[in-house]
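A quick write-up on the structure given underneath.
Every read-out reported here was derived from the displayed coordinates using simple, explicitly stated rules and does not represent laboratory data. These numbers were taken from a predicted model, which means no experiment stands behind them. A quick note on method: Cβ atoms are made from the backbone with ideal geometry, for glycine too, and the neighbour counts reach across all protein chains shown.
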Amino acid sequence: MTDSGDRTIRVPVLARVEGEGALDLIIRGDRIEQLQLRIFEPPRLFEKLLEGRPYTDVPDIVARICGICPVAYQMSAVHAIEQVFQLNPGPWVREMRRLMYCGEWIESHALHVHLLALPDFLGADNVIELAERYPDEVRRGLHLQGLGNRLLRLVGGRSVHPVSTCIGGLSHAPTPAEIAALLDEFRQALPMAEALLAWTASLDLPDEQQDFTSVALRHPDEYPMNEGRLVSSAGLDIPIQAYQDHFREYQVPHSTALQSSLDGQPYLVGPLARINLNLDRLPQDLQQQVAACGITFPSRNMFHSLTARAIEVVYAMGEAIRIMAAYQLPDSSRVDVTPRAGIGFGCTEAPRGILWHTYELDADGQVQAATIVPPTSQNQARIEDDLRNSLTAYGLHRSDDELRKHGETVIRNYDPCISCSTHFLKIKVGRE
Amino acid sequence: MTALSVIGIGSPHAADQLGWQVIDMLRQNPAIQDLGSTRLSLHRCDRPGLSLLEYLKGVECAILVDAVEGGTAGRHVRLTREQLVVDPARLSSHAAGVAEALALGDSLQLLPSRLVLHGMEIGSAGIDFIPAETNLRQLAGAIAAEVAHCCQEPDNLKNAPGTVTKTNTQ
């Protein structure tokens, strides 16, 4: 129990979150009077940087927005630009882009689960402390993450900021022998991913039910990555080009990152939203594993995001195996491109949720305008809502340190990337 | 997996390239070529983060090559495993560097028993530092000598002096 009155806590450096941010909390009696998720990363101005650049520069520039999910930025960009050019690169390119996304989901989710989230749920300060108590599980996580990176290196040329993605296809096709060697390792590692799913579902996670709207892509016959319509748990079902008719970006005084709302309300994007809306798009055998894991999806417990990520690791491993098993060397890894003027839209499923791009190009394919809406900024308002609910349920009478730790756990659970939009967490609690 | 690995850590940016440049020089070295890929593997590693542990898996001896922040620009440093494995102050997926990867690897018993880092200090110039060709060649030469020494008798690397060796070359 803390004393009443004004109190301020400052934690100058906190680990296991990405970017510079803070949480300000004012508690009056038994209620939260003000809660602000402050993001003070300076604007990175990528949208303006793209203006005047040729379309060929776009995939390499947008990849630099994030070192963890560069493929997502490249995928949303190439789909938007190819829409302008009325270009269909064909089935081989479509499968290779999906394969790259599998690599990114595996490495990003494996990193978040083991490095950032699990220490919170297992009472460790960091992954090194976690590794002393759960060495086999952490080794398994590192192995899965390594496989994701190797897949990115093979198809993308390198794992950080891959270089093979271009408008019309890929600049390079892996050899069948290279694919076969990695395929063998993926087959051997699939049981590890399945064990990760069962293990995360068996953990004693906080049981908090909340009301929120899930938003994700939905495809007619596959689990969404690069294509689909935008759907929500509240009944939204729109083509991606209608995004700005329903979603609105707005500025709040306490954040340099824009927040987003869907028809005026906060919403959730990311693995839990995807699973909640696309469970029936998972392969039958994986649906059975999910049904047997002990957690019922759709779930209203945000902490089930941990298991949602593990489910997606299993899915991405299986999908990568499917694509690699059918791999054939193409005559060409890209199709010819003829620039045209117009406006195009791209929306793909980054590890942290939908990533929406639009580009206006001139007849030479030069960028006239660009808009990029990353998933973390879309989740900001939802995180603030979650913090209000979760901290109140946890008990506002608790010590500042307990509130800080619980707040960090809530925020980390979203895997926020503040550099894409936040390093946590300085918390300032005012009590009146 | 080869018994001995030399891993150049870096990126395409300015001073951060020097780990890769040294690997390129070693690849041109006839004595290194004579060892063949079954005895020695050379890697150019792009900002590996925790994936560095993948490169160390199953290796008996590993030599890391990297730019080292601070110190005297151009000075060669050699750090042993005991000096490399320290508790990192912080760890995030976006900022997991060599020290963090090695600390985690030590905790999981994934590190080769024989591990050293050959680096070049970049002084206060930071990423803008451009290493002189002679310094790069001296660094590559020191690594080639250590490889040769190790191949003659694998325990040599393990038994190398535990103190930092610094050679002021610029």
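Counting helices only, and only those DSSP H runs with n ≥ 4, report the 222 nm mean residue ellipticity of the protein assembly as shown as the sum of -39,500 (n - 2.57) divided by its residues, in deg cm²/dmol to the nearest 500. Kindly include the intermediate steps, with their values, before the conclusion.
Details: 21 runs with 241 residues, N = 602.
It comes out at -12500 deg cm²/dmol, rounded to the nearest 500.
Backbone phi angles across the range A:321-333, fed through the Karplus curve with coefficients 6.51, -1.76 and 1.60 (θ = phi - 60°), yield HN-Hα couplings of 5, 4, 5, 5, 5, 9, 5, 9, 5, x, 5, 9, 8 Hz in residue order; Gly and Pro are listed as x. Backbone geometry of the range B:132-137 corresponds, through the Karplus equation with coefficients 6.51, -1.76 and 1.60 at θ = phi - 60°, to 3J(HN,Hα) couplings of 6, 4, 5, 5, 5, 5 Hz, x marking Gly and Pro. DSSP beta bridges fully contained in the protein assembly as shown are about 60 percent antiparallel.
Within 10 Å of each Cβ of B:43-52, how many other protein chain Cβ atoms are there on average?
Details: counts 0, 1, 0, 6, 5, 4, 9, 11, 11, 1.
That works out to 5 on average.
Here, P(r) means the percent of Cα pairs in each 5 Å bin from 0 to the largest distance; for the range A:332-377 it is 6, 19, 20, 17, 17, 15, 6, 0. The trypsin sites (Lys or Arg not before Pro) found in the range A:223-303 that occupy coil by DSSP, while having at most 16 further C-beta atoms within 10 Å, are A:300. Taking amide H atoms as placed 1.01 Å from N in the peptide plane, the amide H of residue B:62 lies under 5 Å from those of B:5, B:114, B:115, B:116, each 5 or more residues away in sequence or on another chain.
Cα-Cα pairs above 43 Å in chain A: how many percent? It would help to have the intermediate numbers written out before the result.
Numbers: 9932 of 93096 pairs.
Percentage above 43 Å: 11.
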